1. Mind checking whether some residue in the range 21-32 is over 15 Å from D78 (Cα atoms), touching a residue at least 24 places away in the same chain (Cβ under 8 Å) and either more than 15 Å from the chain's Cα centre (by Cα) or assigned to a strand (DSSP E or B) (or both)?
2. Could you identify the single residue in K85, K42, K17 that is modelled with pLDDT of 95 or more and either not basic (K, R) or not in a loop (DSSP other than H, G, I, E, B) (or both)?
3. Report, by residue number, each residue of the range 1-54 that is out of contact with any Pro (no Cβ under 7 Å at 6 or more places or on another chain) and of a type in the set (V, I, T).
4. Write out, first by first residue and then by second, each pair whose Cβ atoms fall under 6 Å of each other, whose residues are 6+ apart or on separate chains, and whose first residue, in the range 57-80, is surrounded by 10 or more Cβ atoms within 10 Å (Cβ to Cβ) while the second is in a loop (DSSP other than H, G, I, E, B) and modelled with pLDDT of 90 or more.
5. Give just the number: which of (1) closer than 15 Å to L24 by Cβ; (2) not in a helix (DSSP H, G or I) does Q60 not satisfy?
6. For the range 46-86, enumerate the residues that are under 11 Å from the mean Cα position of the chain (by Cα), under 19 Å from P22 (Cβ atoms) and charged (D, E, K, R).
7. Can you tell me how many residues within the range 1-28 are touching a Ser or Thr at 6+ places or on another chain (Cβ under 8 Å), surrounded by 12 or more Cβ atoms within 10 Å (Cβ to Cβ) and not aliphatic (A, V, I, L, M)?
8. Hey, can you tell me all the residues within the range 33-43 that are surrounded by 15 or more Cβ atoms within 10 Å (Cβ to Cβ) and either more than 14 Å from D78 (Cα to Cα) or touching a His at 6+ places or on another chain (Cβ under 7 Å) (or both)?
Amino acid sequence: MAYITTAEVREIRNALKEEFGPELKFGVKKQHYSSVRVTIKKGNVDFSDIMREGDLGYTQINQYHTYQYGKHANLFDDIVDVIKKAPGKAEG
């Protein structure tokens, strides 16, 4: 199991800010030492078309099947790409 450092998580956060600017605000947290949880906190994108009944403004995205999210698939692919590449830029 791979371990992710705080510096790598910080690099993901910074890379998402750099890539998407003020249009999307992200939350990035290390979870259980080996994974990262990324949330979209705020933005100018309407995700109501992918929400299921009862989601209450929150839904999980399957990173392996982003094609299921219609017009948002490219956005989610870009986000996943940043998440995968950014840790390699971290010092240490």
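1. yes
2. None of the other options fit; the residue is K17.
3. Passing the criteria: T5, T6, V9, V28, V36, V38, T39, I40, V45, I50.
4. Partner pairs satisfying both residue conditions: F76/I61; V80/Q63.
5. Result: Q60 passes all but (1).
6. Within the range 46-86, D78 is the sole residue that qualifies.
7. Looking only at that region, the number is 2.
8. Of everything in the range 33-43, just one residue is surrounded by 15 or more Cβ atoms within 10 Å (Cβ to Cβ) and either more than 14 Å from D78 (Cα to Cα) or touching a His at 6+ places or on another chain (Cβ under 7 Å) (or both), namely V36.
The values are calculated or read from the model by the stated rules, or taken from the named source; none is laboratory data. What you see is a predicted model; the values in this text were computed from it and never measured. As a convention, Cβ positions derive from the backbone with ideal geometry for all residues, glycine included, and neighbour counts pool all protein chains shown.
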